[in-house]
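I have placed the structure first, in the form of structure tokens, so that the comments after it can refer back to it.
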Amino acid sequence: MFNSLTERLEATVRRLRGQAFLNDENIADALREVRMALLEADVALPVVRSFIEQVRQDAVGREIGKSLNPGQLLVKLVHDRLISLMGSENAALNLAGAPPVVILMAGLQGSGKTTTSAKLARLIREQTKKSVLLVSADVYRPAAIEQLRVLAGQVGAQFQPSDTTQKPVDIAAEAVAEARRRAMDVVIVDTAGRLHIDAEMMAEIKAIHAAVKPLETLFVVDSMTGQDAVNTAKAFHEALPLTGVILTKTDGDARGGAALSIREVTGAPIKFLGVGEKTGALEAFHPERVASRILGMGDVLSLVEDVQRNVDQAQAARLEDKLRRGKGFDFNDFRDQLKMVQGMGGLGSLLDKLPGMSGVNAQAREQLADGKQLGRIEAIINSMTAKERRFPDLINGSRKRRIAAGSGVQIQDVNRLLKQFEQSQKMMKKLGRPGGMKKMMRGMGAMRGGFPGRG
């Protein structure tokens, strides 16, 4: 997310590094570049105009401290204004009502509402330990009801059955009544979407809203639709008292314009980002962290939270102990690392959060963002015998052919993985003392050179 915007802003800052001070001329040149970068990122034009004017006013007459150069000062000014634009601080989910607290999910068809409902249920259960009941009021797509039932089981939430013969308002009201009878804490109502905004859809969701009186009304929108995301958010906000927005599919959005426009246009804060397909791939939206990401400064706090949430600390401690005792790092350990990274949104997501990594070229970034590549690596490892995983040196030519055939890749893909494994293995040999988790994370950097099975 924000890759193209980050590249343009970094280029602008580099051009200012040779300047001794900020003046009207270089401020104008720099802001012209920032304006173009924002427009290319699909930020709404009124938002761009307001943003540029505010940064210009901040910059005029600003003295540069001895510790800053003009480029650094521009970064600070843009950073501060980005934070202000996106809402200054995280807008937390409000669950402070009398149970059951109702959360109403709204949005167009294809925005990821059903999956996001399950992700939100998992996040609430894991972070607050509250009980959650999921219900689908989408009577137009029987598959949506079944999908939510399956997802509810995966995330450990309760599911309220519904069917296409019922009225959506009745489904939602009965779910709330059932949750009250069972003394449950939260009800998440997944509503029907349409391919476009229409009067019938709006009337239906208004009726559901009036019937269940949700404490949170969340608009779920696909970030990759850019300006359309902003326009539909505005339309829903005019029809419903939205309390927040969830941007989905941000892992596939290189521009990020919706994230920079929605709050300014609707007044509704972005509360979460969908960063992948897995049920754990939902992140709280922190404006200051996202601003740092946009400016190529990384997002270490979110990375630490990802590690704490996704890494099996006992497993990490066992690996450290194993290496301290002189036991080698093998393909079983390597596979465990892959699963950890997949749980954190993939290597592409990690790159966005690591400071100084925004310069990775577009082709490498595309490879990293492609979750299929990690799946291919895991398939290759799974095609090895248990002995081969423990003793990789056993893998000779004939074994490589068998492994390639078993995993559906080419022999050169197996060779490439073996080489990458050797790089990680060398790094792991240096891990001989407590606190090695950081080295484990850096060890994954050895895989940035390319992945097997590309294309």
Taking the stated definitions as given, is R180 more than 29 Å from the chain's Cα centre (by Cα), under 22 Å from P99 (Cα atoms) and assigned by TED's automatic domain parsing to the domain that holds E277? yes
Is region 66-78 home to any residue that is in a helix (DSSP H, G or I), at pLDDT below 85 and under 23 Å from A229 (Cβ atoms)? yes
Just one of I380, I411 is among the aliphatic types (A, V, I, L, M), at pLDDT 90 or above and surrounded by fewer than 20 Cβ atoms within 10 Å (Cβ to Cβ); which is it? I411
Qualifying positions in region 187-234 - acidic (D, E), out of contact with any Lys or Arg (no Cβ under 8 Å at 6 or more places or on another chain) and within 29 Å of L260 (Cβ to Cβ): D198, E216, D228
Could we say that E277 is within 26 Å of Q337 (Cβ to Cβ), modelled with pLDDT of 80 or more, part of a strand (DSSP E or B) and in the same structural domain as I205 (by TED's automatic domain parsing) here? no
Please find, among L104, L148, L93, the residue that is in contact with a His (Cβ under 7 Å, 6 or more places away or on another chain), under 25 Å from M201 (Cβ atoms) and crowded, with 21+ Cβ neighbours inside 10 Å. L104
Scan region 127-151 residue by residue and report those that are touching a residue at least 12 places away in the same chain (Cβ under 8 Å) and assigned to a helix (DSSP H, G or I). T128, P142, A144, I145, Q147, L148, R149, L151
Within region 384-411, how many residues are outside any loop (DSSP other than H, G, I, E, B) and farther than 16 Å from R335 by Cβ? 11
The one condition A175 fails out of (1) surrounded by 21 or more Cβ atoms within 10 Å (Cβ to Cβ); (2) under 21 Å from the mean Cα position of the chain (by Cα) is (2)
Taking region 98-133 on its own, how many of its residues are over 21 Å from L247 (Cβ atoms) and touching a strand residue (DSSP E or B) at 6+ places or on another chain (Cβ under 9 Å)? 10
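The values are calculated or read from the model by the stated rules, or taken from the named source; none is laboratory data. Just so it is clear, the structure is predicted and the values come from calculations on it, not from any experiment. Glycine also receives a Cβ, built like all others from the backbone with ideal geometry; neighbour counts cover every protein chain displayed.
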